[in-house]
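Colleague: Before I ask anything, let me first share the structure, which is written out below as structure tokens.
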Amino acid sequence: MTSVRTTCAYCGVGCGVLATPTGERGVTIKGDPDHPANAGKLCSKGTHLGETIGLEGRLLTPMIGQRRASWDKALDLVARRFRDTIAQYGPNSVAFYVSGQLLTEDYYVANKLMKGFIGSANIDTNSRLCMASAVAGHTRAFGEDIVPAAYDDLDVADLIVLVGSNTAWCHPIVYQRIRARCEADAKLVVIDPRRTETADEADLHLAIRPGTDVALMNGLLAWCRDAGVVDHDYLTRHVATPDAFWDQVGDGSDLWSVARTCDVSPQDLRRFFELFAATPRTVTLFSQGVNQSLSGTDQVNAITNLHLATGRIGKPGAAPFSITGQPNAMGGREVGGLASSLAAHMDFAPENVARVGRFWAAPNMATKPGLKAVDLFRELGTGRIKALWVMATNPAVSMPDAGSVREALAACPFVVVSDVVATTDTSVHAHVRLPAAAWGEKDGTVTNSDRTISRQRAFLAAPGEAKPDWWIVSQVGRRMGWKSAFPYDRPAEIWREHCRLSAYENNGARLFALPGHAAKGNAEYDAMTPFRWGGTPFADGRFSTPDGRARLIPVEQKPVAAPLKQWPMTLNTGRYRDQWHSMTRTGLSPKLARHREEPLVEIHPDDAARLGIVDGGLARVSTPQGDSVFRASVAATQRIRELFVPIHWTDRTATGGRAGLLPRPLADPISGQPGFKSTPVRIEAV
Ligand code: SF4
């Protein structure tokens, strides 16, 4: 049978896949040798994609309550309940919570319906949990949410600094590329409180105290200034530097003070600083360890400051590089799938609201940002959100303080869940469930971490009555009274409209623009090959701010909170190599399950001995939000008084191991991204 070129669904690396149907929903999976992200390679999750597309547990028909319903009846009900709620309580009484698993076309239609027609910006995405701090940091520094790096940069960098990223597990194909470069002659520095598989192979690992990244980066910047590495010519020509910026950066000779704050050896710190200062071609790649912090945006800007001040941006092998978790977090950013952005990298400035309103011929444009995820679910809990539509995500597991999220969902007067899975921790609270087409059954585009846009293509028939998300949302929009605004019959039409909007009245002020694709026909869309937009951003030294200059952003290290008497440990959460999110799909693969069969709490041997916790024994982790029992893994990979648990297990997959119950519902005040990495907790043997 003929192979279909598509893209992996399991992380933001965005690897190309050749899928060959073998009948009876069977498929063989190979890496696409022509895809620029992976050149034919796949990690374990990609390799076993074929095991995760079975029909076990699928939602195959619309459901109203526990009864099967026709599409007409279910869609009419959703449209009527949203319309009635808006009529009675206003547009801000409803919300959508969507997902980085959606395709760009799905995202575009949902964003258009909420922000242009319902008249609220209460559409946020689980990508808020993944990279909102990078979005906010990029926008503050560059004037637009641009990732100014590409995977090619890793191939020519002489120093790669990984900050808060277990790349070997979470972005394995990118890690292979990094390893290949380091096996030649590049150096690898890992900055991470945990000694991960990635850190094990680094030339230098700085296991800093969690939350001290700003002190580290400011100290490095001061060192660079004193070592004469700051590129004053670049700053003069291309960067706006606020008064007193350098005063707050501090004294570069005070290495001891930085080492004390970060709790690392001054010798290691000096080694890192000297290496960075001496290596113009440096890529600083960062991920959730930076973004999922209560000061995540400042941490991002501490990194952008370093690269701007040393002129290490817009050049091959020199850039800050935010790597995204989800397969289409970037596509969501491009269409405006976050409550804090409007569309096509535009914010809610009045001229942008007017511009997008003209383009959409929108009757009810949202004029200000909506509720970000943590606030959205808090408002759900207060009863101010009265109708919620959750698409392709499982917030009852993944949000911080997930127990409260579950209570809020249970109390909400009207909850719609569109998903491929029949029963999730979230959908048990749904009044209406709508069956969505899954990976391999739907068509559209995704954007990966280095701005490469690729096609996802269908190679299986959608089972039962499952439909693509863009179709479901369009149908509801039509039934709410906006028939002509949602006329789409196929995703190519939505893609072309998205490309037209990206270029509409865009005189080059925004880098994100795909005008060439707006004119392409269906056949060209079907045949689309991966392409990266934006070339080498900022190569000409011109940024997306009104004056064309980037910004150095003054950022200060916030005091690190002392351990609390009742909650003396700090909890960090993250992924396992072979699982994805709440395991609704990867949990179907026996081979993937072998890597880690149950959720473990990782604890330092000194803590374990002090608390009577034994390796392989059970331990309860508690916070004011909730508690859960995990099997203990005692290892010196953790810092003392710091714990790690995985995010994947749910009430549906285990009796314990519920990480989502534990974190506080607190977020970075600028980006709204929850601070999953430093929850005060207690642990005790069970
Ligand atoms: Fe899929 Fe990510 Fe693995 Fe590539 S690295 S195969 S995109 S999970």
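Colleague: Just to check your reading of the model, which residue among N291, N301, N305 is over 28 Å from P663 (Cα atoms) and either small (G, A, S) or buried (at least 20 other Cβ atoms within 10 Å of the Cβ) (or both)?
Modeller: Of N291, N301, N305, the one residue that is over 28 Å from P663 (Cα atoms) and either small (G, A, S) or buried (at least 20 other Cβ atoms within 10 Å of the Cβ) (or both) is N305.
Colleague: Within the stretch 70-96, can you find the residues that are among the small types (G, A, S) and touching a residue at least 60 places away in the same chain (Cβ under 8 Å)?
Modeller: Scanning the stretch 70-96 gives A74, A79, S93, A95.
Residues checked against (1) under 30 Å from A149 (Cβ atoms); (2) not assigned by TED's automatic domain parsing to the domain that holds V421:
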residue: L18; (1), (2): yes, yes
residue: P21; (1), (2): no, yes
residue: T28; (1), (2): no, yes
residue: P36; (1), (2): yes, yes
residue: T61; (1), (2): no, yes
residue: T85; (1), (2): no, no
residue: A95; (1), (2): no, no
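Colleague: Now, a different point. Can you pull out every residue in the stretch 248-268 that is more than 26 Å from W169 (Cβ to Cβ) and touching a Leu at 6+ places or on another chain (Cβ under 7 Å)?
Modeller: Result: V249, L255, V258, A259, P266.
Colleague: If we only count helices (runs of 4 or more DSSP H) wholly inside the stretch 260-310, which ones have 2 or more residues that are within 20 Å of the chain's Cα centre (by Cα)? Please lay out each step first, then the result.
Modeller: On the way: elements: 266-277, 288-291, 296-309.
Once the helices (runs of 4 or more DSSP H) in the stretch 260-310 are filtered for at least 2 residues that are within 20 Å of the chain's Cα centre (by Cα), what remains is 288-291, 296-309.
Colleague: Just give me the residues in the stretch 157-211 being of a type in the set (G, A, S) and either within 16 Å of the ligand (Cβ to nearest atom) or touching a Cys at 6+ places or on another chain (Cβ under 6 Å) (or both), in sequence order.
Modeller: Kept after step one, since they are of a type in the set (G, A, S), are these residues of the stretch 157-211: 157, 164-165, 168, 180, 184, 186, 199, 202, 207, 211.
If the condition is that a residue be of a type in the set (G, A, S) and either within 16 Å of the ligand (Cβ to nearest atom) or touching a Cys at 6+ places or on another chain (Cβ under 6 Å) (or both), then S165, A168, A180 are the ones that fit.
Colleague: With the requirement that a residue be at negative phi and touching a helix residue (DSSP H, G or I) at 6+ places or on another chain (Cβ under 6 Å), what does the stretch 520-543 give you? Can you show your working first?
Modeller: Here is the first cut: in the stretch 520-543, the residues at negative phi are 520-533, 536-537, 539-540, 542-543.
Result: N522, Y525, F543.
Colleague: Filter the stretch 512-534 down to residues that are within 14 Å of I453 (Cβ to Cβ) and surrounded by 13 or more Cβ atoms within 10 Å (Cβ to Cβ), then give me how many there are.
Modeller: Going through the stretch 512-534 one residue at a time, the tally reaches 13.
Colleague: Follow-up question, since we're still on this one. Filtering the stretch 205-232 down to residues that are free of Cβ contacts under 8 Å to residues at least 40 places away in the same chain and part of a helix (DSSP H, G or I), which residue is farthest from the chain's Cα centre (by Cα)?
Modeller: Here the residue is D226.
Table: residues versus (1) in contact with a strand residue (DSSP E or B) (Cβ under 7 Å, 6 or more places away or on another chain); (2) under 30 Å from S322 (Cα atoms); (3) not hydrophobic (A, V, I, L, M, F, W, C).
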position: D375; (1), (2), (3): no, yes, yes
position: A392; (1), (2), (3): yes, yes, no
position: M399; (1), (2), (3): no, yes, no
position: S404; (1), (2), (3): no, no, yes
position: A410; (1), (2), (3): no, no, no
position: F414; (1), (2), (3): yes, no, no
position: T423; (1), (2), (3): no, no, yes
position: R433; (1), (2), (3): yes, no, yes
position: T447; (1), (2), (3): yes, yes, yes
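Colleague: Scan the stretch 564-572 and give yes if some residue there is in contact (Cβ under 8 Å) with a residue 60 or more places away in the chain and of a type in the set (K, R), otherwise no.
Modeller: No, the stretch 564-572 contains no residue that is in contact (Cβ under 8 Å) with a residue 60 or more places away in the chain and of a type in the set (K, R).
Colleague: Of the numbered conditions (1) at pLDDT below 95; (2) more than 17 Å from C11 (Cα to Cα); (3) touching a Phe, Trp or Tyr at 6+ places or on another chain (Cβ under 7 Å); (4) among the charged types (D, E, K, R), E602 fails exactly one; give the number of that condition.
Modeller: Result: E602 fails condition (1) only.
Colleague: Looking at the stretch 203-224, which of its residues are of a type in the set (G, A, S) and within 15 Å of D254 (Cβ to Cβ)?
Modeller: Just the residues of the stretch 203-224 that are of a type in the set (G, A, S), to begin with: 207, 211, 215, 219, 222.
The answer is A215, G219, A222.
Colleague: Here are the criteria: (1) within 15 Å of the ligand (Cβ to nearest atom); (2) touching a helix residue (DSSP H, G or I) at 6+ places or on another chain (Cβ under 7 Å); (3) of a type in the set (S, T, N, Q). Tell me which single one T7 does not satisfy.
Modeller: Every condition holds for T7 apart from (2).
Colleague: While we're on this one: Restricting to the stretch 15-47, name every residue that is in contact with a strand residue (DSSP E or B) (Cβ under 7 Å, 6 or more places away or on another chain), within 9 Å of the ligand (Cβ to nearest atom) and assigned to a loop (DSSP other than H, G, I, E, B).
Modeller: Those that are in contact with a strand residue (DSSP E or B) (Cβ under 7 Å, 6 or more places away or on another chain), within 9 Å of the ligand (Cβ to nearest atom) and assigned to a loop (DSSP other than H, G, I, E, B): C15, A37, N38, K41, L42.
Colleague: Given the options V432, V405, name the one that is farther than 29 Å from T623 by Cα and aliphatic (A, V, I, L, M).
Modeller: Every option except V432 fails the conditions.
Colleague: Considering each residue of the stretch 50-77, count those that are out of contact with any Ser or Thr (no Cβ under 9 Å at 6 or more places or on another chain) and within 16 Å of the ligand (Cβ to nearest atom), and give that number.
Modeller: Number satisfying all stated conditions: 1.
The values are calculated or read from the model by the stated rules, or taken from the named source; none is laboratory data. In this text, all values refer to a predicted model and were calculated from it rather than measured experimentally. Every residue, glycine among them, receives a Cβ derived from its backbone with ideal geometry; neighbour counts consider all protein chains shown.
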